[in-house]
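K.L.:
So that we are looking at the same thing, I have put the structure below in structure tokens.
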Amino acid sequence: MGTNGHYVVRYRNMYYLSHHGSDGYPEGLGLKVLQYIRQPNAIATYQKVFGEMLDGLKSPSHSLLLIEGGDENFDGPSQLRPETCGWTYEIDLDRNIFHVCDMPFFSLECLPDDAVFLQYISDDGITRDHYGHAACPLECPPENRYKKPTPPIVHNSELETYQSLMCTGSQVALSDLLAVSDGLSQDEHVRVTLLEVMIGQCMFSSAIGKEIYEIELLNDHNQITDDQWSIACFMASITFIPQMFDDVQCISHPKLKRKEFTWVREDTVVYIATHLYDERCLQASVSRLINVILEQTNHSGHYFGIAFSVFHCAVVKVVKNAHTMSFSHTSALQFLPSFYADSPSTPGITGLARLGYRIDPALFRRALEACHYVRYIYLKESPVQRADRSDDMPPTTICPTLPLELWREIACYLTHPFHLIVLGLVSRLCRQAVLMVLRCTHLCGYRLVSAPQERPEYRMENLSLRAASFSAVRNDILTTVNVGVEFRAIPSKSMITPLRIKNSSFYIAFSAGP
């Protein structure tokens with residue numbers, strides 16, 4: 001019995017499609033496409049034929065490169081990659097890549113023979129990475145594997161800021177940059193583990209995973225699409241928002257809006273870049289971050305910038321005094337785990353989670369803005385006005401005999417962030433107690449208190465790359481919260497995130513049980 005197949009050609013960022021109603025299997029259409037492009041001078045022939053079609057000199061119906069058994073002409077050209085169902089084989093003349101099912105596999109300049117092709121791609125299945133995506137396997141000979149683009153040219157003018165200001169360190173450990181110990185606190189470990197789960201869930205998503213593979217093939221940051229920017233900015237910024245997430249719209253974090261520079265805190269800015277592993281690209285990104293910090297901040301103090309490429313990140317610290325300015329930064333830290341990783345941990349994930357855990361003077365106001373339930377149900381006046389007014393209350397207004405430690409115990413007993421917000425609006429002392437608790441992570445009414453030092457063994461292979469179980473409390477009762485995994489015996493919910501891809505929200509499975 002046959003299956004749908006599609007033969008796609010990309011040239012000058014335009015796509016042509018030929019549909020094959022049957023025999024779309026690798027042993028059929030796949031080998032035919034492979035053999036066509038493997039002929040002598042095939043790349044030049046394809047470029048000539050499709051160049052003439054794009055220039056209007058030839059009709060798609062007269063192409064000598066149509067394959068028997070398919071449409072009588074090519075559909076196109078189209079600026080968008082065709083959305084297909086079934087086996088798809090794409091000749092990418094812009095990047096010299098042979099794609100299978102929209103994923104990069106082989107180099108057009110050194111294609112495998114038929115046997116090697118069918119070793120990785122056959123009707124029995126296709127090789128997949130540890131997150132379930134069709135992928136070129138690690139054992140594929142390097143000469144046959146698709147090639148990533150070289151870093152873009154960085155002009156000397158882009159490095160002027162980096163070279164003209166005083167750099168006190170270019171490979172500084174993040175713990176030194178933040179002046180903290182190397183070891184993680186319990187709350188930091190929770191935040192790191194949750195970020196690992198979120199990144200793993202992104203990598204597991206079919207739509208997001210494909211975009212990440214595409215990001216790897218970009219020539220420079222100017223080619224980043226809106227969806228790719230949203231993915232990158234979500235990964236870089238999610239640990240900086242108040243760590244409160246719910247399955248309904250009681251908590252709503254601001255949606256991501258594309259900007260060249262995104263301020264995730266009053267003292268921290270993110271810049272989405274590419275090729276940070278290249279020294280000049282890294283220095284150019286650091287220069288851009290320093291420039292925007294100098295332009296938008298007039299006060300002395302310490303400021304942080306994050307250069308982020310999904311695969312790597314670098315943190316720069318800018319120290320502004322009345323008359324001097326200096327900076328230091330980390331090296332390019334691996335952020336994204338390999339798609340063939342055995343562990344979800346990377347230096348970049350740990351680094352950004354620790355950076356996000358720093359004390360944030362604006363945390364209460366940001367949490368208040370995220371809690372719609374408090375804003376529209378409890379408060380009859382502007383929540384900002386209410387917050388400002390409670391700032392002016394003397395700490396003894398409510399109860400002069402209760403110390404801060406006791407208010408903190410009361411805050412820890414509250415089951416949901418909007419209850420914390422209401423308490424924090426009572427007085428300045430109450431808000432101090434609430435701020436201590438708000439630095440913890442809150443999921444659907446549970447406060448996460450610890451994460452396991454080692455991931456549990458799940459029945460499903462590689463599930464530990466994108467799931468974790470936490471110890472949590474609710475109403476002072478200890479329980480287990482599972483994030484990124486569903487169990488048949490435990491009802492699950494969908495935790496909402498600020499990320500939207502292809503007009504769909506990104507959710508993460510959540511459940512609580514013994």
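Bear in mind these aren't lab numbers, they're just calculated from the coordinates by the rules spelled out. The structure presented is a predicted model; accordingly, all values stated were derived computationally and were not measured. A quick note on method: Cβ atoms are made from the backbone with ideal geometry, for glycine too, and the neighbour counts reach across all protein chains shown.
K.L.:
Taking the chain as the reference, fit the longest principal axis to its C-alpha atoms, fit the long axis of helix 404-413 to the helix C-alpha atoms, and give the angle between the two in degrees, 0 to 90, nearest 10.
P.N.:
50
K.L.:
Let me ask another. Per the helix-only calculation at 222 nm, which mean residue ellipticity applies to the chain, given -39500 (n - 2.57) for every DSSP H run of n ≥ 4 and division by its residues, nearest 500 deg cm²/dmol?
P.N.:
Working: 15 runs with 153 residues, N = 514.
Result for the chain: -9000 deg cm²/dmol, rounded to the nearest 500.
K.L.:
While we're looking at this one, here's another question. Between rounded, prolate and oblate, where does segment 233-314 land on the alpha carbon gyration tensor, with a ≥ b ≥ c its root eigenvalues, rounded for a/c under 1.5, else prolate if a/b exceeds b/c?
P.N.:
Working: a/c = 2.61, a/b = 1.47, b/c = 1.77.
Oblate is the answer for segment 233-314, as a/c is 1.5 or above yet b/c matches or exceeds a/b.
K.L.:
Extending each Cα 7 Å along its Cβ direction at Ser345 and Gln296, get the distance between those two points in nm, one decimal.
P.N.:
3.3
K.L.:
Can I ask one more? If amide hydrogens are placed 1.01 Å from N in the peptide plane, which non-local residues have theirs closer than 5 Å to the one on Val172?
P.N.:
Placed amide hydrogens put His329, Thr330, Ser331 under 5 Å from Val172.
K.L.:
Hey, another quick one. For an R0 of 56 angstrom, estimate the FRET efficiency from the Cβ-Cβ distance between Glu52 and Leu165 and round to the nearest 0.05. Mind dumping the intermediate values first?
P.N.:
Details: r = 52 Å, r/R0 = 0.94.
After rounding to 0.05, the efficiency reads 0.60.
K.L.:
Please compute the net charge surrounding Leu443, taking Lys and Arg as +1 and Asp and Glu as -1 over other residues with Cβ under 11 Å from its Cβ.
P.N.:
On the way: positive: Arg447, Arg474, Lys493; negative: Asp246, Asp247.
Spelling it out: positives minus negatives among the neighbours equals +1.
K.L.:
Moving on to the next point. Can you tell me the FRET efficiency between Asn96 and Thr415 if r is taken as the Cβ-Cβ distance and R0 is 60 Å, rounded to the nearest 0.05? It would help to have the intermediate numbers written out before the result.
P.N.:
On the way: r = 57 Å, r/R0 = 0.94.
Computed FRET efficiency for Asn96 and Thr415: 0.60.
K.L.:
Ok, one more. Quick one: check the C-alpha center-to-center distance for segment 252-278 versus segment 24-58, whole angstrom.
P.N.:
What the calculation gives is 40 Å, centre to centre.
K.L.:
Between Ala42 and Met460, what's the calculated FRET efficiency when r is the beta-carbon distance and R0 is 60 Å? Round to 0.05.
P.N.:
With a Förster radius of 60 Å, E is 0.90.
K.L.:
Can you classify the chain as rounded, prolate or oblate using the Cα gyration tensor, where a ≥ b ≥ c are the square roots of its eigenvalues, rounded means a/c under 1.5, and otherwise it's prolate if a/b beats b/c and oblate if not? The partial results should precede the final answer.
P.N.:
On the way: a/c = 2.39, a/b = 1.73, b/c = 1.38.
Note, shape of the chain comes out prolate.
K.L.:
Provide the net charge surrounding Ala512, with neighbours chosen by a C-beta distance below 10 Å and charges set as Lys +1, Arg +1, Asp -1, Glu -1. Spell out each step's value before the answer.
P.N.:
Numbers: positive: Arg474, Lys493; negative: none.
Result for the local shell: +2.
K.L.:
Here's a follow-up. Compute the acute angle (0 to 90°) between the alpha-carbon long axis of helix 428-438 and the principal axis of greatest extent of the alpha-carbon atoms of the chain; round to the nearest 10°.
P.N.:
Rounded to the nearest ten degrees, it is 30.
K.L.:
Taking GluC sites (Glu not before Pro) that fall in a DSSP loop and have at most 15 other Cβ atoms within 10 Å as cut points, what is the longest piece of the chain between them? If you can, show how the numbers build up before the last one.
P.N.:
On the way: sites that count: Glu68, Glu72, Glu83, Glu109, Glu139, Glu143, Glu260, Glu266, Glu381, Glu454, Glu457, Glu461, Glu486.
So the longest stretch without any such site is 144-259.
K.L.:
Continuing with the same structure: Give me the net charge for the shell around Ser287: Cβ to Cβ below 13 angstrom, other residues only, Lys and Arg +1, Asp and Glu -1. Write down the numbers at each step before the final one.
P.N.:
Values: positive: Arg280, Arg288; negative: Glu158, Glu160, Glu279, Glu295.
Value of the local net charge: -2.
K.L.:
Between exposed trypsin sites (Lys or Arg not before Pro) in the chain, where DSSP calls loop and at most 13 other Cβ atoms lie within 10 Å, what's the longest gap?
P.N.:
Values: sites that count: Arg12, Lys255, Lys257, Arg258, Lys259, Lys380, Arg459, Arg488, Lys502.
My reading of the result: 13-254 is the longest stretch.
K.L.:
Classify segment 437-514 as rounded, prolate or oblate from the Cα gyration tensor: take a ≥ b ≥ c as the square roots of its eigenvalues, call it rounded if a/c is under 1.5, otherwise prolate when a/b beats b/c and oblate if not. Don't skip to the end; give the middle numbers.
P.N.:
Working: a/c = 1.64, a/b = 1.14, b/c = 1.44.
Oblate is the answer for segment 437-514, as a/c is 1.5 or above yet b/c matches or exceeds a/b.
K.L.:
Right, another one. Calculate how steeply helix 279-296 sits against the longest principal axis of the alpha-carbon atoms of the chain, using the helix alpha-carbon long axis, and give the answer as 0 to 90 degrees to the nearest 10.
P.N.:
40
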